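Here's the structure, in structure tokens; my notes come after.
Only the coordinates and a few stated rules stand behind these numbers; no lab work does. Note that this is a predicted model, so its numbers are computed, not measured. Here Cβ is always computed from backbone atoms with ideal geometry, including for glycine, and neighbour counts include all displayed protein chains.
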Amino acid sequence: MRERRKSTQQSIAGSLLLAHPAMKDPNFRRSVVLMSAHGTDGAMGIVMNRPLGKRLGEWNGEFALGALAGVPVFTGGPVQPKQLLLVAWQNRADGFQLHFGIEPEKAGQMLGEEGTQVRAYLGYSGWSKGQLENELKHDTWIVTDIPGDLLEQPQDGSLWRKVLGNLGEEWRLLADEPDDTSRN
């Protein structure tokens, strides 16, 4: 896995954004954001490491008896936090494929496919035109490639530490820093 150089001209869709260790914003502190879209009009992604500790069938009774009842629910970001987004990942021989915002029927069909994982997200992370580029210029985010074992990792607070730590020794030291540095 490698850190990518920031570019305001190149799309980072299909990459991960890791919150810089100094970020204090509670919406994104120590977050791992999977970018699904990035262009001249703005950017969009989902926070991958904020599980709600519920399954879709517990969260919404409409899903209680269906194929999606056991799908884990996460907080996807601060934009439209009541909107439910279904996302599927497929690890294939030719690479990683993301299906973002799929319909429940399609998500149910995909659950049975080998190498496919489905997750539910409440809300998403979004940036207006030029907003993300400005944040990247100010080193708010670290852009990196998606590690091949991303979906095999726990999708919780430890994911940020693991992915950031794999970028090199300096990042590993920062990733291992305690939340409360006065207790260091």
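To the nearest 500 deg cm²/dmol, what mean residue ellipticity at 222 nm is calculated for the chain from DSSP H runs of n ≥ 4 alone, each contributing -39,500 (n - 2.57), summed and divided by the residues?
Estimated from H runs of four or more residues: -5000 deg cm²/dmol.
Ignoring the sites themselves, what is the longest stretch of the chain with no GluC sites (Glu not before Pro) in a DSSP loop and at most 13 other beta-carbon atoms within 10 Å?
Longest site-free region, per DSSP loop and neighbour criteria: 1-112.
So how far apart, in nm, are the two label points at D176 and E103 if each is 7 Å from Cα heading toward Cβ?
Spacing of the two 7 Å Cα→Cβ label points: 5.0 nm.
Below 8 Å between Cα atoms, with a sequence gap of 6+, how large is the relative contact order for the range 53-144 in percent?
30
Most exposed first by the Cβ proxy, i.e. fewest other Cβ within 10 Å, how do H38, H99 rank?
H99, H38
So what is the relative contact order of the chain, in percent, for Cα pairs below 8 Å that sit 6 or more residues apart?
After rounding, I find 28 percent.
What translational diffusion coefficient, in µm²/s and rounded to a whole number, does the Stokes-Einstein relation yield for the chain at 20 °C and a viscosity of 1.002 mPa s, taking the hydrodynamic radius as the Kirkwood radius over Cα pairs?
Value of D from the Cα-based Kirkwood radius: 125 µm²/s.
In nm, give the distance between the simple-model label positions of S128 and L65, each being 7 Å from the Cα along the Cα-to-Cβ direction.
4.6
Which pairs break 24 Å Cα to Cα here: K54/K106; K106/K162; K54/K129?
Too far apart for the 24 Å limit: K106/K162; K54/K129.
Can you list the residues of the range 13-52 with backbone N under 20 Å from a point 7 Å past the Cα of L111, pointing along Cα to Cβ?
In the range 13-52, the label zone of L111 (backbone N under 20 Å from the point 7 Å along Cα→Cβ) covers 51-52.
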